[in-house]
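The values are calculated or read from the model by the stated rules, or taken from the named source; none is laboratory data. Model, not experiment: these values are computed from the prediction. Every residue, glycine as well, gets a Cβ built from its backbone with ideal geometry; the counts of neighbours run over all protein chains shown. The accessibility values were calculated without ligands, DNA or RNA, using every heavy atom of the protein model including side chains. Shrake-Rupley method; radii C 1.70, N 1.55, O 1.52, S 1.80 Å.
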Amino acid sequence: MVWGPGEEAWESKLAALRSYRRATGHLAPRQDAVWGESQAEGLVPIGQHMANLRRRGCLGKDPKRAEERAKQLTAIDEDWNCPWPLDWQRHYKVLADLVADEPHGVLPDIAPGVFVDGDDLGRWLQRQKQPGTWKQLSTEQQERLTRLGVKPASAPPGAPAAVSGTKGTSKAQQAFQRGLTALTQWVEREGQRPVPRGHSGQITVDGETEPVTVKLGVWVSNTKSRRDKLTQEQRTALTELDIEWA
């Protein structure tokens with residue numbers, strides 16, 4: 001048997017991930033989350049580990065080794081590399097566990113202000129139901145929420161119809177939708193904390209094999225400066241995220 005420091009470090013990481021998964025039911029920690037018995041025994045930066053593992057090429061340059069490591073992670077949690085943000089996965093998994101624990105498998109009422117492990121689960125759930133947010137979810141995300149009994153709220157009377165046709169596929173519209181998706185992820189993770197000008201975020205786009213980078217700080221600044229030129233639908237989407245200047 002050939003055993004190197006790299007393999008030993010990998011096994012230690014797997015052990016920490018298994019322990020975290022058993023305790024929480026998911027592999028979707030906050031990026032700043034740590035895990036372990038105590039500070040004295042050494043805490044594992046479990047959140048940073050997961051963020052790194054989901055990056056392209058971070059399972060090793062050897063294809064066979066990378067494939068084997070991916071299988072090991074899948075054995076721990078099949079959603080470890082889900083195509084949506086880990087913050088979304090964490091909230092969803094908490095809801096799924098709540099449904100599983102209910103005698104009749106019905107999601108209980110969760111109002112904004114109900115926190116679970118530091119996350120305002122009620123506020124997150126309310127946001128998923130908003131038409132503008134629901135529209136940004138992938139088909140699989142929508143299906144997962146639907147199976148839990150979560151459905152989008154009806155659009156209020158007089159609300160504009162979804163943009164379609166050439167206008168809906170214009171570069172400007174696509175850019176806005178991508179910025180909105182990145183902003184939604186930011187709000188879910190950071191709340192209403194201002195987006196730093198230099199911050200960039202990655203989003204999943206249908207038809208793209210790799211995550212797309214959005215210069216979110218610049219997008220927010222530009223969108224704010226031209227808010228008088230936004231369509232009513234765009235303003236509504238921003239308002240649903242509690243963006244005051246919208």
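Summed over all non-identical Cα pairs, the Kirkwood treatment of the range 176-245 gives a radius of 12.5 Å. A Förster radius of 41 Å, combined with the Cβ-Cβ distance separating Lys64 from Gln174, puts the computed FRET efficiency at roughly 0.60. The angle between the Cα long axis of helix 5-24 and the main principal axis of the chain comes to about 60°, on a 0 to 90 degree scale. With each label modelled as a point 7 angstrom along the Cα→C-beta vector, the Leu14-His104 pair spans 4.4 nm. Per atom type, the chain shows carbon and sulfur on 51% of its accessible surface, probed at 1.4 Å. In the context of the full set of protein chains, residues of the chain present 59 Å² of accessible surface per residue (probe radius 1.4 Å, heavy atoms only).
Which one, (i) 170; (ii) 132; (iii) 154, gives volume of the Cα convex hull per residue in Å³ as derived from the coordinates shown? Derived directly from the coordinates: (i). Within the same chain, lysines fewer than 8 places from Lys64 are excluded, and of the rest, those with a Cα less than 23 Å from its Cα are Lys13. Scanning the chain for trypsin sites (Lys or Arg not before Pro) in DSSP loops with at most 10 neighbouring Cβ atoms within 10 Å leaves 62-225 as the longest stretch between them. Converting phi to 3J(HN,Hα) with the Karplus coefficients 6.51, -1.76 and 1.60 and the offset θ = phi - 60°, the range 69-83 yields 5, 4, 5, 5, 5, 5, 5, 7, 7, 5, 9, 4, 10, 4, x Hz in sequence order, with x at every glycine or proline. Distance between the modelled labels on Ala51 and Asn222, one decimal in nanometres: 2.5 nm (7 Å Cα→Cβ projection). With a ≥ b ≥ c the root eigenvalues of the C-alpha gyration tensor of the range 41-129, is it rounded (a/c under 1.5), prolate (a/b larger than b/c) or oblate? It comes out prolate by the Cα gyration axes.
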